[in-house]
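What follows is a short report on a single structure.
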Amino acid sequence: MKNTRQADQRSHVRTHTRSRRSAFLLSPTLALSLLSIAGCSNSTAYELPHEICGRQIDPVALQPLLPSGQQFEAVAGNDDHVQSMCRISVDNDTSLILQEHRRQNRFDVWDFVVDDDPDSAKNPKKAAVGDDTVTTDDWLISMNACTGYGKQDYYILDVILGVKTDEPMHQELEDFAKSYLPEGMKKAGCTL
């Protein structure tokens, strides 16, 4: 009697586990289908401009850094050829912050990112942008010689994602910086 009861319990557990396993196997397929349907209906309603905060940009390079939403806004902070800031929001949530600094002394960007700010340095990597650039999962900082003003003058581009993502954004940040640097440096007076 005891063996029969245990066999019945094992059979019930196996059946219950199989039905659960089938549901779990079905779930990823169902989830992908639902995501693709949701993704189509939840497309970005805003159109990206070709200029933000007084800088010409490539909207194609900017798009991957921004979430989907309904409303895009770029608000300039101070812009005095020494320092400027641009805050980009989607649906009133800060999505990206661009900071530019000129008249900076040269420093090692890698050391700054890894040693001075280790909490912000998630997966730091050197990037093939400008003179000295480092990206992390959600941040890029680039130091470049500002040749328009002399040897000791450096221009820094600081790009910070305001929205945390599960995926590292190294390549997207690098692509955006490649498209942005020439215009940013020109506006800062670093190139003639």
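Note that the range 127-141 has calculated 3J(HN,Hα) couplings of 10, 8, 9, x, 7, 8, 9, 10, 10, 10, 4, 9, 7, 9, 9 Hz, one per residue in order, obtained from phi through the Karplus relation 6.51 cos²θ - 1.76 cosθ + 1.60 (θ = phi - 60°); glycine and proline are x.
Fully extending the segment from V163 to V114 would add 15.5 nm, taking 0.36 nm per residue of separation and subtracting the current Cα-Cα distance.
Using R0 = 30 Å, the C-beta based FRET efficiency linking T147 and E51 works out to 0.75.
We did not get these values from a lab; they are worked out from the coordinates using the rules stated. As the structure is a prediction and not an experimental result, all values here were calculated from the model. Using ideal geometry, Cβ is built from the backbone for each residue, glycine included, and neighbour counts are taken over all protein chains shown.
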